[in-house]
Amino acid sequence: MKYAVMIDVDGEWMYVPENPKMFANYPEPRIFDDLQDAMNERDKWNTGIVVDYATRDVIRSMTDEERRRAMVRSLKNGQ
């Protein structure tokens, strides 16, 4: 599990950037491997929250509801 910290900036939520001294448009988020490290970073911000961060190399499993919908679609398509 990876973690990131999100902050409210003028009513818009964004990830704490890798380089917090430079706030560019769509910065790379700072990613944490350890929940405690993410919580320590969160404590530096007034509106910080820790969130799970799904990396691009991770494919999540389908939920039971998604599986049911896929089966129904498959039956309707005659497969």
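The values are calculated or read from the model by the stated rules, or taken from the named source; none is laboratory data. These numbers were taken from a predicted model, which means no experiment stands behind them. Note: ideal-geometry Cβ built from the backbone for every residue, glycine included; neighbour counts use all protein chains shown.
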Selection within the range 11-33 - modelled with pLDDT of 90 or more and acidic (Asp, Glu) | Asp33
Determine, yes or no, whether Arg42 is at pLDDT 85 or above, closer than 28 Å to Asp10 by Cβ and in contact with an Asp or Glu (Cβ under 8 Å, 6 or more places away or on another chain).
-> no
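Listed here are the residues, each with its yes/no results for (1) free of Cβ contacts under 8 Å to residues at least 60 places away in the same chain; (2) surrounded by 11 or more Cβ atoms within 10 Å (Cβ to Cβ); (3) touching a helix residue (DSSP H, G or I) at 6+ places or on another chain (Cβ under 9 Å).
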{"position": "Tyr3", "(1), (2), (3)": "yes, yes, yes"}
{"position": "Gly11", "(1), (2), (3)": "yes, no, no"}
{"position": "Met14", "(1), (2), (3)": "yes, yes, no"}
{"position": "Glu18", "(1), (2), (3)": "yes, yes, no"}
{"position": "Ala38", "(1), (2), (3)": "yes, yes, no"}
{"position": "Glu41", "(1), (2), (3)": "yes, yes, no"}
